[in-house]
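Chemist: Starting off with a structure, shown below.
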Amino acid sequence: MSAPTAQNAANATNTGDAGNTDSARASLEALRTEIAKAVVGQDPAVTGLVVALLCRGHVLLEGVPGVAKTLLVRALAASLELDTKRVQFTPDLMPSDITGSLVYDARTAEFSFQPGPVFTHLLLADEINRTPPKTQSALLEAMEERQVTVDGTPRSLPDPFLVAATQNPVEYEGTYPLPEAQLDRFLLKLTVPLPSRDDEVNVLTRHAQGFNPRDLQAAGIRPVAGPADLEAARAAVADTTVTPEIAGYVVDICRATRESPSLALGVSPRGATALLSTARAWAWLTGRDYVTPDDVKALALPTLRHRVQLRPEAEMEGVTADSVITAILAHVPVPR
C-alpha cells in the first residue's frame, strides 16, 4: 500500500474541520431548543445572544419588567458548560464589588486579591442602569480589554467572557442612563417585547403545570454546548467570506447615519466593524460561508440602534432610532 500523499492528508484535515464546524453549528442551534424549555417566544433575543458569543461581544437586553430578561440569560447559562455569575446593580454598588479587591490576611500579614464576580464566563448585570456611572464604568475595561486593573496590576478575565446586561426602558426614577462610551461597548442591543397572546397563554399553561423559573434543572435544561464548540464556531465565522462589495455596503449604511437629519450622532467605524462581525456570525449560523446583503440587514437594527443619537426635535416628533435605521436600509443601494 502506498504512503498517503500530502493532498490526501489535506483532504482528511479539511473533512475533519468541516465535521467540527457542523458539530459546533448543531450544538449552538440546540441552544434554542434548550432555552425554549424555559423561555417562550423570544427567538430573536436568543439568536442575538448566540451571535454575541460567536463575536466575543456583549449584549444589552431592554424590556419592561416581567418579560423574562433575567430568565433568558439564566437559561442560556444553564444550556452552556460555562461558569456564570449574577450581579444585582443597585445605587450603593461599588466598583470593587464587581472587579474584586485586595484583602489583608492576618495569618500571612499580606494582601491577597479576592476576585469579584466579573471573573466568570457569563456575567449577568441585572438592571445595570440602577447603579451610578462610577460603578458602571468599572465594567468598561472588562468589556473592552478583557481584563481588570486593581492596585495597578492588570488581571486577565476568562475566555469566553460575555456581559449580558438588562435595563428597564420605562422606569426612570432612581436610574442612571448609560454613557455613550459604555453603550458603544455593547455589541448588540436586543429589545425583549411583550409576548403574543398565544405565547402568553403558553407561559401560563406551563406555570399551571408546575414550571418553576427558579429551578431550571427541573425544567429539563441541560448543557448542550461548551467551550470547544464555541472555539470551533468562532474559527469558522472568522473564515466566512466578506467581499469588497459587502464591506462597502456596511460602510455606506454607517455613513448614511452620520448624514441623517434626524440624528445628532451617527455610527462610528467601531459600529461598522461590529455590523460586519454580526453579519458574518449570522451567515455562518444559517449555513453559509459567505455574507450576503440580507445578513447585514438582519443584524443592522440590534447592532446599530444604540450607537446613534436622535436630535431632540426628531424625538419630539416620535422618530425612533429603529425607524431611522430602517429608512436608511431602504434607501442605501444594495450590491448585486
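Chemist: By how many nm would the segment from residue 323 to residue 43 grow when fully extended, if each residue of separation counts as 0.36 nm and the alpha-carbon distance is taken off? Before the final figure, lay out the partial values.
Modeler: Details: separation 280, 0.36 × 280 = 100.80 nm, distance 2.16 nm.
Going from the current span to full extension adds 98.6 nm.
Chemist: Calculate, for the chain, the solvent-accessible area per residue in square angstrom, rolling a 1.4 angstrom probe over the heavy atoms of the protein chains. All intermediate terms of the calculation are to be shown ahead of the outcome.
Modeler: Details: 16710 Å² over 336 residues.
On a per-residue basis, 50 Å².
Chemist: While we're here: With a 1.4 Å probe and all protein chains in place, put 316, 143, 94 in order of accessible area, largest first. Don't skip to the end; give the middle numbers.
Modeler: Values: 316 170, 143 5, 94 100 Å².
My answer, sorted largest first, is 316, 94, 143.
Chemist: For the chain, set up a Gaussian network in which alpha carbons nearer than 10 Å are linked by springs, and say which option among 255, 86, 32 fluctuates the most.
Modeler: For the chain, modelled as a Gaussian network with Cα springs under 10 Å, the answer is 255.
Chemist: Can you give me the convex hull volume of the Cα atoms of the stretch 57-187, divided per residue and expressed in Å³?
Modeler: Numbers: hull volume 15.6 nm³, N = 131.
Normalising the Cα hull of the stretch 57-187 by residue number yields 119 Å³.
Chemist: Could you name the lysines in cross-link range of residue 297, using Cα to Cα under 20 Å and dropping any fewer than eight places away on the same chain?
Modeler: In chain and number order, the partners are 189.
Chemist: Bins of 10 Å, beginning at zero and ending with the bin holding the largest distance: percent of Cα pairs per bin for the chain, please.
Modeler: 5, 22, 30, 26, 11, 4, 1, 0
Chemist: What share of Cα pairs, in percent, lie more than 19 angstrom apart in the stretch 40-100? Don't skip to the end; give the middle numbers.
Modeler: Values: 736 of 1830 pairs.
The calculated P(r) of the stretch 40-100 puts 40 percent of pairs beyond 19 Å.
Chemist: As I understand it, the dipole of the chain uses +1 on the Cβ of Lys and Arg and -1 on the Cβ of Asp and Glu, about the Cα centre. Which of 124, 201, 182 lies farthest toward its positive end?
Modeler: The one lying farthest along the dipole's positive direction is 201.
Chemist: Follow-up question, since we're still on this one. I need the P(r) histogram for the stretch 220-336: all alpha carbon pairs, bin width 5 Å from 0 out to the longest distance, whole percents.
Modeler: With 5 Å bins starting at 0, P(r) equals 2, 12, 21, 19, 15, 11, 8, 6, 4, 1, 0.
Chemist: How large is the translational diffusion coefficient of the stretch 110-212 in µm² per second when you combine the Kirkwood radius over alpha carbon pairs with Stokes-Einstein at 4 °C and 1.567 mPa s? Walk me through the intermediate numbers first.
Modeler: Values: Rh = 16.4 Å.
The estimated diffusion coefficient comes to 79 µm²/s.
Chemist: Same structure again: Amide H of residue 100 versus every other amide H placed in the peptide plane: which residues, excluding those fewer than 5 positions away on the same chain, fall under 5 Å?
Modeler: Amide H neighbours of residue 100: 116.
Chemist: In whole percent, how big is the carbon plus sulfur part of the accessible area of the stretch 191-304, probe 1.4 Å, protein atoms only? Display every interim value, and only then the final one.
Modeler: Numbers: 3120 of 5830 Å².
Of the solvent-accessible surface of the stretch 191-304, carbon and sulfur hold 53 percent.
Chemist: Another one. With a 1.4 Å probe and all protein chains kept in place, how do 96, 156 rank by accessible area, largest first?
Modeler: Numbers: 96 55, 156 95 Å².
Result of the area sort, largest leading: 156, 96.
Chemist: For residue 69, which aspartates and glutamates qualify as cross-link partners when the Cα separation must be under 14 Å and same-chain residues fewer than eight apart are set aside?
Modeler: By straight Cα distance, residue 69 reaches 43, 126, 127.
Chemist: Right, another one. Put 55, 254 in order of accessible area, largest first, 1.4 Å probe: what do you get? Intermediate results must be reported in sequence, preceding the final value.
Modeler: On the way: 55 35, 254 0 Å².
Accessible-area ranking of 55, 254, largest first: 55, 254.
Chemist: P(r) tail for the stretch 55-132, what percent of Cα pairs lie past 15 Å? Don't jump to the answer; show the numbers that get you there.
Modeler: On the way: 1958 of 3003 pairs.
Here the long-distance tail beyond 15 Å is 65 percent of all Cα pairs in the stretch 55-132.
Chemist: Once amide H atoms are placed 1.01 Å from N in the peptide plane, what residues at a sequence separation of 5 or more from residue 155, or on another chain, have their amide H within under 5 Å of its amide H?
Modeler: Correct list: 148, 149, 150.
Chemist: OK, next. Which values of log₁₀ I(q)/I(0), to two decimal places, follow from the Debye formula for the stretch 219-268 at q = 0.29 Å⁻¹ with a uniform point scatterer at every Cα?
Modeler: -1.01
Chemist: Sticking with this structure for a sec: For a quick size check, give me the Cα extents of the stretch 169-288 along its three principal axes, largest first, whole Å.
Modeler: Taking the Cα atoms of the stretch 169-288, the three principal extents are 52, 44, 27 Å.
Chemist: Still on this model: Using a simple charge model, +1 on the beta-carbon of Lys and Arg, -1 on the beta-carbon of Asp and Glu, nothing else, what dipole does the stretch 138-265 show about its Cα centre, in debye to the nearest 20?
Modeler: Details: 11 positive and 19 negative charges, 57 e Å.
Using Cβ point charges on Lys, Arg, Asp and Glu, the stretch 138-265 gives about 280 debye.
The values are calculated or read from the model by the stated rules, or taken from the named source; none is laboratory data. Since the structure is predicted, the reported quantities are computational estimates derived from the model, not experimental observations. Note: ideal-geometry Cβ built from the backbone for every residue, glycine included; neighbour counts use all protein chains shown. SASA here: full protein model, heavy atoms, side chains in, ligands and nucleic acids out. Shrake-Rupley method; radii C 1.70, N 1.55, O 1.52, S 1.80 Å.
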